[in-house]
Each structure stands twice: as C-alpha cells, then as structure tokens.
There are 2 protein chains.
Amino acid sequence: MAEEVKLYGTWVSPFSRRIELALKLKGVPFEYIGVDLSNKSPELLKYNPIHKKIPVLVHNGKSIVESLIILEYIDDTWKNNPILPRDPHQRAVARFWAKFIDEKLLATGMKASLAEGKEKELLNEEILEQMKLLENELNGKDFFGGEAIGLVDIVATVVAFWFPVSHEVLGVEVITQEKFPVLLKWIGKLQEIDVVSQSRPPREKHVAHVRARMEGLNSGSK
Amino acid sequence: MAEEVKLYGTWVSPFSRRIELALKLKGVPFEYIGVDLSNKSPELLKYNPIHKKIPVLVHNGKSIVESLIILEYIDDTWKNNPILPRDPHQRAVARFWAKFIDEKLLATGMKASLAEGKEKELLNEEILEQMKLLENELNGKDFFGGEAIGLVDIVATVVAFWFPVSHEVLGVEVITQEKFPVLLKWIGKLQEIDVVSQSRPPREKHVAHVRARMEGLNSGSK
C-alpha cells in the first residue's frame, strides 16, 4: 500500500511548521492541508474531536494530534535521520527541553502578550531567564541535538524564527550578540539548512501578520 | 556496576506514586527518599534545579524529572513488562491520554478546587465530561493498555484512587455504577494487582490528609 501522509496546519503556526520540518528531515512526502481556524472543517473535527486544534497528522487514515506526540510518532515510524537520541537518558533530556519550551517559555510568552504594566515587565524578565537556560543548554554544541538537529532544535525553531519577528514588530532587540551569542550562532546554523528555511513562514508575510494581530489586540483593549 | 536507582517523592503525590508503580511493575529495586516540600533539600535542588519539584528519578547518578518523561525513561531503559505499546500509532494514543489526564483533567480539577459558585459548577461539569471521555476510551477493554496495565493506567491511578478520596471528603459520589460503570469495573481490576495496591497512599491516612488540607483551604479563604 502506498503511504498516505497528510498534515493539517496553518502557514504561520510554529506547531504545524515543526511537523512539516520533521517530515522533510525524514524525506517523507506528504500533502499539506491549510486549515481555517475561524471556520473549522468537519474533517479537522473528525480527526481531532477532543482538542479541535492543529496540527493533525493523518497517516494511512489514522490521525495523530499534539505536536510533541506527532514528532515522537514520526520518529517511531520512520527510523532514518533520528529526531530523538538512542540513549535513554539523552532522550529524557531532549524531551525535558522540548516540554520546557512549550509549557514554560511559550506559556510565559503568551501570558506576557496579554499582560500590562509591572506584570508584563516581570513576565518579560522571566522569559529572558528561560531563554538564558536554553543558551546554557546549547553552549558548546552546534545544535541542541549535538552535531545534527534533533527534537529540541525542531521545537526551538519557534525561538529562532518566531520570536525575532515579534521582537521586530515590537521594536526591540532581544537575541543579540551581547546577551545570547550561543542562540544567535545557532540561528545562523539553522538558516543554512534548506529544509529548515523551507519550513518557516515567509519573513515579510510573517511580520505583516504579527503586526496586524498586535494592532488588533491593542485596539481590542481600548 | 550495580544499578543505583533512587526515587525522590512524597507519600501522597500521585506523580511520584506513579513512578513507584512503574518501577515495581518492571521489578526494578529502588531506594525511596521522602521529600519535605516545605523545606526542599539541597539534593532535590541539585537534581531538579529548574522546576524544583518531585518526582525525581536518579539512576546511576543521573537525574530524570517530570513524571511522564520518567515513565518513558523507565520503559526505554528496562525493556521487560512494557509500559508503552510497540506500535507507533498505539504509542501515540497512549501518550495522548496520559497528557490529557495531566494537562486537561487534573488542570481542570485544580482550577475547580480553587473556584467558587457558578464557576466551580461549570468546572465540575467539565471534569465529568472529561471523565466521560476516559470512560469511552476504556469501554470494551480490561485496561487502557488492553489486557495488561500500561502507561495510561499508571497515569490514571490518580482517577482510580485519588479522586474517590477527594469525593469522600467532599461527601459526593461521582464514580458510580450508574454514571461510570466502566471506570468502576477498572478500579476493581486495578485493586486486584498487588503492586498497584502497594503504590497508593494508605486510605485512612490519605483521607485525613485531604480533609486537613481542605479545611486549611477553607479557613484560608475566610
């Protein structure tokens, strides 16, 4: 039977883009289906009835949801170009940082984007501390995965390519040579990898999208 | 080299108890170290510097944190009596429900315990709906893992043994024959397994602990 692999996502979501990247790293051909989250299709609701969210991977008719779980599925299914290390302790470390990015760093970022005044300031400091932990973890290595990109690099593309777009729109510089030299060098290395560049939103379109969303948020709070 | 396995936990935490259960299912001897969370030891802070939480598993000097990650580590390290299925899609389904219990059901339970009035009512309804999803998932099987207990059963011991203690203290009956016959039968099957019974808090002590904590919460809100 021919393999049928479909990915439901949105062009700007770091969560579906990371699945796209993993499939491309493995060389797995797939059909990409863009989803309109303001008007969820019956197909999306069928494949992800509980969370009703993207990304959804459908492999030979069976659906898998939640991006970290999909990444594990991809690595369990296609064994070439491993995403997770083989050593159990190194696997646990990779899972720890992937979870840290999603549940700590991105969660704090989400809170900060909605906060104001002193609270926003404190949350922004927390984000810097969390990014410092990533900087330290990466220190001395080309990639979080060692010599090649792995689970944490795939998940951390949100830090490499989504964070700087938000910073540009906000008019701040965060990932600088002075503060985050290791992350900055790593972003440069990621950009040299073709499939990584293919799996991120076009920069101009991305900036325009974030700008429009932030203006929407600001006008909404007035 | 002799294996050295240490588990840092508390007697009443479903998160460290689930690690205890997994180690016992695998037949891995370990040293249990009770942690005083109100006075965290330097050892705990050394082994889990970022989250400073239990459980922590220390295997031959290397620490692993976050209970779902520890369960994967245990299954990656000791191959007998598998906790996760071998089939990639079934693995993804097990991971989905484990994550669902921790991030949806328990998160809603935590919110409900702090809420009041109409909000509490709505959250309690949400918990029942989430438990209904578990009931449906289990329907037709002895265990979430099929014929033997697996990842989801281990994680769901919190529903089997912690939920009923809270319900008893609150004076409500939730997991009844009428509403949750499948979960009720499954709890009965779990209770027949020696290592499961050994890995839960003593019932009387557990009830007294929850009662004291709830009274503390109530007096705190006055």
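Near the amide H of residue A:33, within less than 5 Å, lie the amide hydrogens of A:7, A:8, A:9, all on another chain or at least 5 residues away, with H placed in the peptide plane. May I ask for the percentage of alpha-carbon pairs in the range A:5-77 that lie more than 19 Å from each other? I get 23 percent for the Cα pairs in the range A:5-77 exceeding 19 Å. Rounded to the nearest 500, the helix-only mean residue ellipticity at 222 nm of chain B stands at -16500 deg cm²/dmol, with each DSSP H run of n ≥ 4 adding -39,500 (n - 2.57).
Under Stokes-Einstein, with the Kirkwood radius over Cα pairs as Rh, the value for the protein assembly as shown at 20 °C and 1.002 mPa s is 90 µm²/s. Pairwise Cα distances in the range B:1-156 exceed 28 Å for 29 percent of all pairs. Sorted largest first, the spans of the alpha carbon positions of the range B:39-79 along the three principal axes are 35, 20, 14 Å. Short-range pairs are left out: with C-alpha atoms under 8 Å and at least six residues apart, the relative contact order of the range A:88-220 is 20 percent. For the range B:135-146, the Karplus equation 6.51 cos²θ - 1.76 cosθ + 1.60, evaluated at θ = phi - 60°, returns couplings of 3, 5, 5, 7, 3, x, 10, 6, 10, 4, x, x Hz by residue, with Gly and Pro reported as x. Residues in the range A:198-206 carry Karplus couplings, in order, of 6, 9, 10, x, x, 3, 4, 4, 5 Hz; the curve used is 6.51 cos²θ - 1.76 cosθ + 1.60 with θ = phi - 60°, and Gly or Pro positions show x.
Look at the dipole of chain A built from charges on Cβ: of A:128, A:174, A:115, the Cα furthest out on the positive end belongs to A:115. Evaluating 6.51 cos²θ - 1.76 cosθ + 1.60 at θ = phi - 60° for every residue in the range B:151-165, the Karplus couplings come out as 3, 5, 4, 4, 5, 7, 4, 4, 6, 6, 10, 8, 3, x, 5 Hz, glycine and proline recorded as x. Ellipsoid fit via the Cα gyration tensor, the range A:114-191: semi-axes of 24, 13, 11 Å, each the root of five times an eigenvalue, largest first.
Each principal axis of the Cα cloud of the range B:88-220 was taken in turn, and the coordinate range along them, longest first, works out to 47, 31, 27 Å.
Can you tell me what share of the DSSP beta bridges in the protein assembly as shown is antiparallel? A percent to the nearest 5 is fine. Expressed as a percentage, antiparallel bridges in the protein assembly as shown total about 70. Amide H contacts of residue A:28: none lie under 5 Å away among residues 5 or more positions distant or on a separate chain (H built 1.01 Å from N in the peptide plane; Pro and chain starts excluded).
Each reported figure results from applying straightforward, stated rules to the coordinates on display, with no laboratory input. Remember, predicted model here, so these are calculated numbers, not experimental data. Cβ coordinates were reconstructed from backbone atoms using ideal geometry, including for glycine residues, and neighbour counts include every protein chain displayed.
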